1. (1) at pLDDT below 85; (2) under 21 Å from TYR372 (Cα atoms); (3) open to solvent by less than 20 Å² (accessible area, probe 1.4 Å); (4) of a type outside the set (S, T, N, Q): which one isn't true of ARG243, the others all being true?
2. Of everything in the range 86-122 that's among the β-branched types (Val, Ile, Thr) and touching a helix residue (DSSP H, G or I) at 6+ places or on another chain (Cβ under 7 Å), which residue is farthest from PRO188 (Cα to Cα)?
3. I'm checking my understanding of the structure. Among residues of the range 371-383 that are under 15 Å from CYS284 (Cβ atoms) and open to solvent by 20 Å² or more (accessible area, probe 1.4 Å), which one is modelled with the lowest pLDDT?
4. Considering each residue of the range 28-52, count those that are out of contact with any Gly (no Cβ under 9 Å at 6 or more places or on another chain), open to solvent by 40 Å² or more (accessible area, probe 1.4 Å) and closer than 23 Å to ASP242 by Cα, and give that number.
5. Tell me yes or no: at least one residue of the range 54-62 is more than 23 Å from GLN12 (Cβ to Cβ) and surrounded by fewer than 21 Cβ atoms within 10 Å (Cβ to Cβ).
6. Mind checking whether some residue in the range 229-237 is touching a residue at least 12 places away in the same chain (Cβ under 8 Å) and more than 19 Å from ALA351 (Cβ to Cβ)?
7. Tell me yes or no: at least one residue of the range 77-100 is open to solvent by less than 40 Å² (accessible area, probe 1.4 Å), touching a Cys at 6+ places or on another chain (Cβ under 8 Å) and closer than 19 Å to CYS349 by Cβ.
8. Taking the options GLY359, GLY317, GLY277, name whichever one is under 21 Å from TRP51 (Cα atoms) and at pLDDT below 90.
Amino acid sequence: MPTGFGRLWTAQTTSSFGDGVTQAALPLLALTLTRDPMALAVVTAAGTLPWLLFGVLGGALVDRWDRRRTMCLADTARAVLLAIPATAAVLDVLSMRLLAAVAFLLGLGGIFFDTAATAYLPDLLRRDPALLQRANSRLRGAQTAMSGFAGPPAGSALLALGRAVPLLTDAVSFALSALLVRTLPALPRPVPETRESLLGQARAGAAYVVRDRLLLGLALRPAVGNIAFLAVETVLALFAHDRLGISTYGFGLLLTAEATGGLLGSGIASHLGRRLGTGTALTCTAAVEGLAILGLAAAPNPYVAGLALAVCGAGMGATMVLGPSLRQAIVPAHLMGRVASTSRMLAMCAAPVGAFLGGWLATTYDIRTPLYAAAGLLLAMTAVTASMTANHRVEAALRAAAPAGATDSPGGKVTAQDSAPEAL
């Protein structure tokens, strides 16, 4: 791994801890203001709406801008932004409207940071498929450990010290991340093949995803998955409290169980890809997620619920290593920002649908109903996209993207040697 990867890993790990603190504290903070499931859904959905409004345009801008500087500015802005609700909490003027507005602006900053980071990584690692899988495994493992394993219990505990404390902790993590990103090596921006308008470049990126069945399949999995997972997330705190009798601190531990599974899944993702093939591994992990959510819906006690979330986390952890690594290996450098943002936009735009679906089902029927609906969606998505991301499609795409010097391994997989960004 290049030296710069260690600094990128440290920056994202630091920020992920702060995210984990907020992940646990925000729904609990919202519960101090309202018990209305639809009001909670508004706050959850607000953080994903920027992807619907600006996702593809954000990717086009990232392909024009310096990616390191973009990451630094996005983290700095989010650190300053979090000081607003923290101050409001101290002054006792915090409201659901303010939480929704802050969630929206944090999501807007996330567009630029996440897209720039996704586009920066393959250039840093010379688009080597093996290095990309190792790097994403480490990044995902650290993100899972911090945002799910260490952050949520800390968020629950910090909330007991004051409503502003978790928000300030996340602000500090963004500031530290910005300082670390400033030390990353500067990489040249890919030169686009033709000069187009911003809107034209955005359309080109979206069309590239839609026309390619493999990339479309990789994008549809998280899109449908986010409908399911946000339906669960919207009511999870209420479900845990009212049906499982879990306390505020116990809710943090419940999220930690999911993170523990995610850490395991990200660690074994490369092994699953080698053993089953990336396509088959992605289909298996999607099926595991659906079955795990089904188990959560039927859970009679906190222990079964924790086990179900751990299994679901394992499937998600492996998926989030295998899918992005494959995309980064096969997409040309000058399109990486737009393709990444288009794929992420499809996933994030589906999230508000899931949030409102979860709130509506819980209000209209029962608090367990969103969980059963989410399980059904995940299993249906697995069946529909299995052929789109089959092993033969994956291997063909890697062969087409492989630079000069790449060789086929005995197992039929492509191994890149001395790859370079300009080869694509």
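1. In the conditions (1) at pLDDT below 85; (2) under 21 Å from TYR372 (Cα atoms); (3) open to solvent by less than 20 Å² (accessible area, probe 1.4 Å); (4) of a type outside the set (S, T, N, Q), ARG243 misses (3) alone.
2. Let us first name the residues in the range 86-122 that are among the β-branched types (Val, Ile, Thr), namely 87, 90, 93, 102, 111, 115, 118.
Next, from what is left, pick out any that are touching a helix residue (DSSP H, G or I) at 6+ places or on another chain (Cβ under 7 Å): 102, 111, 115, 118.
Numbers: VAL102: 33, ILE111: 21, THR115: 16, THR118: 15 Å.
Per the stated criteria, the residue is VAL102.
3. Filtering the range 371-383 for residues under 15 Å from CYS284 (Cβ atoms) gives 378-379, 381-383.
Pick out the ones that are also open to solvent by 20 Å² or more (accessible area, probe 1.4 Å) and you get 379, 383.
Working: LEU379: 92, ALA383: 89.
Among those residues, the one meeting the criterion is ALA383.
4. Step one: filter the range 28-52 for residues out of contact with any Gly (no Cβ under 9 Å at 6 or more places or on another chain), giving 29-35, 43, 52.
If we keep only those that are open to solvent by 40 Å² or more (accessible area, probe 1.4 Å) as well, we get 32-33, 35, 52.
After this cut, where a residue has to be closer than 23 Å to ASP242 by Cα as well, the list is 32-33, 35.
Counting residues in the range 28-52 that are out of contact with any Gly (no Cβ under 9 Å at 6 or more places or on another chain), open to solvent by 40 Å² or more (accessible area, probe 1.4 Å) and closer than 23 Å to ASP242 by Cα gives 3.
5. Keep residues of the range 54-62 that are more than 23 Å from GLN12 (Cβ to Cβ), which gives 56-57, 60.
Add one more test, that the residue is surrounded by fewer than 21 Cβ atoms within 10 Å (Cβ to Cβ), and what stays is 57.
Yes, the range 54-62 has at least one match.
6. Checked against the condition, which is being touching a residue at least 12 places away in the same chain (Cβ under 8 Å) and more than 19 Å from ALA351 (Cβ to Cβ), the range 229-237 yields no hits at all.
7. No, the range 77-100 contains no residue that is open to solvent by less than 40 Å² (accessible area, probe 1.4 Å), touching a Cys at 6+ places or on another chain (Cβ under 8 Å) and closer than 19 Å to CYS349 by Cβ.
8. Details: GLY317 fails: under 21 Å from TRP51 (Cα atoms); GLY277 fails: under 21 Å from TRP51 (Cα atoms).
None of the other options fit; the residue is GLY359.
The values are calculated or read from the model by the stated rules, or taken from the named source; none is laboratory data. A quick note: this is a predicted structure, and the numbers were derived from the prediction, not measured. In this analysis, Cβ positions are derived from the backbone assuming ideal geometry, glycine residues included, and neighbour counts consider all displayed protein chains. For the accessible areas, the whole protein counts, side chains as well, though only heavy atoms, and no ligand, DNA or RNA atoms are used. Shrake-Rupley method; radii C 1.70, N 1.55, O 1.52, S 1.80 Å.
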